[in-house]
Amino acid sequence: MPANVFQDLDETLRRAGAACDAAESHGTLCGALCAGLTDDAPWIAHILDQASGSQEAQQACRRMLASLRDKTHGLLAGGSLEFAPVLPDDETGLADRTDALGEWCQGFLFGMGLAGQRLKPDELSEETNEVLRDLGQIAQAGFEGEDSDDDETAYIEIVEYVRVGVQLLYEELQAPAEIAPPSDTLH
């Protein structure tokens, strides 16, 4: 996705008076998509819950969120590994980017729950279980200290892990729903 998606979405959410920022909103969307949510109402209602902006600003935000949903769903469903979490660009300080990544992961896990996905660890691959555990840990992570090349490299690696992990989750959780089993009934 273009680098300015984060800024555009964040501005639109702010104008609408939403409590969530761009990272958490996109994370919530991605979690809901991975869990198979087909109705926009629950996740958009969460994003705009208690929004204080004008009706016009809220409607513009709804349109932008619907567009982002279509684009994100297309990237995840396409399986081409072009999906990426919506996060601040590299010009933003590492501490702020790390916080945004944590918020994205927190939103993702919330979106999974919002969609009503009841994940049973014994029904998922070990890789999928590991990704879900790791997303939970990343959601709680923070950054302390000075920006260094090692920290920057670690951040990039974690974002890549999240990107690929979410694609894996989507593919594993959506595979049964997208591939209908053959019917035993003769017509």
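The values are calculated or read from the model by the stated rules, or taken from the named source; none is laboratory data. Just so we're clear, the structure is a prediction, and the values are computed from it rather than from any experiment. Backbone-built Cβ (ideal geometry, glycine too); neighbour counts: all protein chains shown. Side chains are part of the model used for accessible areas, which takes the heavy atoms of the whole protein and leaves out ligands, DNA and RNA. Shrake-Rupley method; radii C 1.70, N 1.55, O 1.52, S 1.80 Å.
Checked against (1) in a loop (DSSP other than H, G, I, E, B); (2) surrounded by 16 or more Cβ atoms within 10 Å (Cβ to Cβ), Met64 passes all but condition (1). Listed conditions (1) under 18 Å from the mean Cα position of the chain (by Cα); (2) within 21 Å of His26 (Cα to Cα) are all met by Glu130, apart from (2).
Keeping to region 84-101, report how many residues are more than 18 Å from Leu33 (Cβ to Cβ), surrounded by fewer than 20 Cβ atoms within 10 Å (Cβ to Cβ) and small (Gly, Ala, Ser). Result for region 84-101: 2. Among the residues making up region 1-60, those that are closer than 15 Å to Ala84 by Cβ, among the hydrophobic types (A, V, I, L, M, F, W, C) and in a loop (DSSP other than H, G, I, E, B) are Met1, Ala3.
Filtering region 135-154 down to residues that are open to solvent by less than 100 Å² (accessible area, probe 1.4 Å) and under 18 Å from Glu24 (Cβ atoms), which residue is modelled with the lowest pLDDT? Out of the qualifying residues, it is Phe143.
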